[in-house]
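One structure is given below, encoded as structure tokens.
We did not get these values from a lab; they are worked out from the coordinates using the rules stated. All values reported here derive from a predicted model rather than from experimental measurement. Backbone-built Cβ (ideal geometry, glycine too); neighbour counts: all protein chains shown.
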Amino acid sequence: MKKFLATLMMIGAVATGFCALATLPARALVEINVNKGTIEPLPIAITDFQGEGLGPEISGIVEADLKRSGLFAPLDHGAFIEKISNPDMAPRFDDWKVINAQALVTGRVSKEADGRIRAEYRLWDTFAGQQMAGEQFFANDANKRRIGHIIADAIYERLTGEKGYFDTRVVFIDESGAKNARKKRLAIMDQDGANVRYLSNGSSIVLTPRFSPNRQEITYMSYEGGQPRVYLLQIETGQRELVGNFPGMTFAPRFSPDGQKVIMSLLRDDGNSNIFAMDLRSRTTTRLTNSTAIDTSPSYSPDGSQIVFTSDRGGGSGRSQIYVMGADGSNQHRISFGDGVYSTPVWSPRGDLIAFTKQSGGQFQIGVMRTDGSGERILSTGFQQEGPTWAPNGRVLMFFREAPGSGGPKLFSIDLTGRNEQSIPTANFASDPAWSPLLE
């Protein structure tokens, strides 16, 4: 962990604005209202950053991030009239207005004497003729891609008023080999599919990794020795700790918002599957449900006061529905009443929605509903897809899908409009994604 913190110190932002060319307006003319039902992507020009090789690489990452969000429409570089040679100078705004670039990004990347990378950017409102933001960031070579993600997050926040989600990682299960002898490895990558790193060697089956909400730590289930065991893994140090052996577990537990507890579903000697919480310091468990039904897939609300889970206690063979209860197991009540079978509910980091998987009419669906069960919306329908996980800003979901004849699952993301679905490139098949908090 010390090594990781040292790395992050080198990438801290310095909000200098360089040499301020204009007084920043209190409220920019250019903005995106992300709460509208239909959002027209904002035309934005992202110029190649100055700095041979590395400059265009960093600005390319910024452009790709913003485009994938579905909120921005980067303009073709071939349409640019002005060639930016000095990002410290105000651009010729008329040249950008004529191609309908409502916002403009310029910048430079250079190497410091100590070997660090220095990246500077400016965001301009072309129609108001003003600079909206300007910052500089430092990083070592190993973290150069993070600079692009951090700049994209800064632009996203300035133009939408909400936090971005680009400087994040995703832990997932990498699957390779024949389907009847599939090798499953724990892996981690940037949210755009770059920088894949393997966290296990594939000698035993690993399943359902989950991120801690406040640090770079994951929990996952492994079948080492032929029995399901739950581990805590520090991503940067590789330090691994056994939480316990859980013969009746089929999914790894999820963390509480403070990272001090995990919650899980366990099949005990009475033959019933119920919800339990474990204190990670004392390793004591507390039983939260006590039903003769199958209670499973628990997930905490972001404030830790409630838990969402699925249960078939409402009747009907295998027709599980979504329930909510207090963190102490009180006030257990059903919130979903739709046709089909619900599974894998996950509370949004914003606290306003619950994502879920639903089987209905022979299809698998990824959807969201309000926390009282109202306003159910299906975002994606496919042959076999499941396992939604939230981006830390609560605006995008990632899940995995296995298309007919594909041979294995792949990862996809979709935003809350349901209109911006993106495939996440991975070298092999991939499943069980879990999105990290923003890197700090």
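Computed on the stretch 350-421, with alpha-carbon pairs under 8 angstrom and 6+ residues apart, the relative contact order is 22 percent. Would you mind checking the stretch 62-96 for residues with the amide N under 15 Å from a putative spin-label position 7 Å along Cα→C-beta of ARG118? Under 15 Å, as judged by backbone N against the label point of ARG118, lie 87-88 of the stretch 62-96. For Cα extents along the principal axes in Å, the value computed from the atomic coordinates appears in the list (1) 74, 45, 43; (2) 66, 51, 47; (3) 57, 50, 43 under label (1). Based on the alpha-carbon gyration tensor of the stretch 163-252 and its eigenvalue square roots a ≥ b ≥ c, which shape applies: rounded if a/c is under 1.5, prolate if not and a/b is larger than b/c, or oblate? Cα axes put the stretch 163-252 in the oblate bin. For the stretch 362-404, chymotrypsin sites (Phe, Trp or Tyr not before Pro) meeting the loop criterion (DSSP other than H, G, I, E, B) and having at most 13 other Cβ atoms within 10 Å: PHE383. Could you work out the relative contact order of the chain, using alpha carbon pairs under 8 angstrom and six or more residues apart, expressed as a whole percent? Over the chain, the number comes to 10 percent.
Assuming charge only on the beta carbon of Lys and Arg (+1) and of Asp and Glu (-1), the dipole of the chain about its Cα centre is about 920 debye to the nearest 20. Net charge near TRP96, counting Lys/Arg +1 and Asp/Glu -1 over other residues with Cβ under 11 Å of its Cβ? Surrounding charge for TRP96 is -2. Under a GNM of the chain (C-alpha, springs under 10 Å), which listed residue has the highest mean-square fluctuation: PRO56, PRO253, PRO388? Most flexible of the set in this elastic network: PRO56. Ranking SER59, PHE399, GLY129 by Cα position along the charge dipole of the chain, where only Lys, Arg, Asp and Glu carry charges on their C-beta atoms, puts PHE399 farthest toward the positive end. Report, in whole Å, the centroid distance computed from the Cα atoms of the stretch 329-388 and the stretch 170-228. One Cα centre to the other: 24 Å. For the pair ASN290 and ALA194 in one chain, pulling the backbone fully straight at 0.36 nm per residue adds 30.2 nm over the alpha carbon distance. Straightening the chain between ARG350 and ALA142 buys 71.7 nm, computed as 0.36 nm per residue apart minus the Cα-Cα spacing.
For the chain, the 222 nm mean residue ellipticity estimated from helices alone, with every DSSP H stretch of n ≥ 4 adding -39500 (n - 2.57) and the total spread over all residues, rounds to -3000 deg cm²/dmol.
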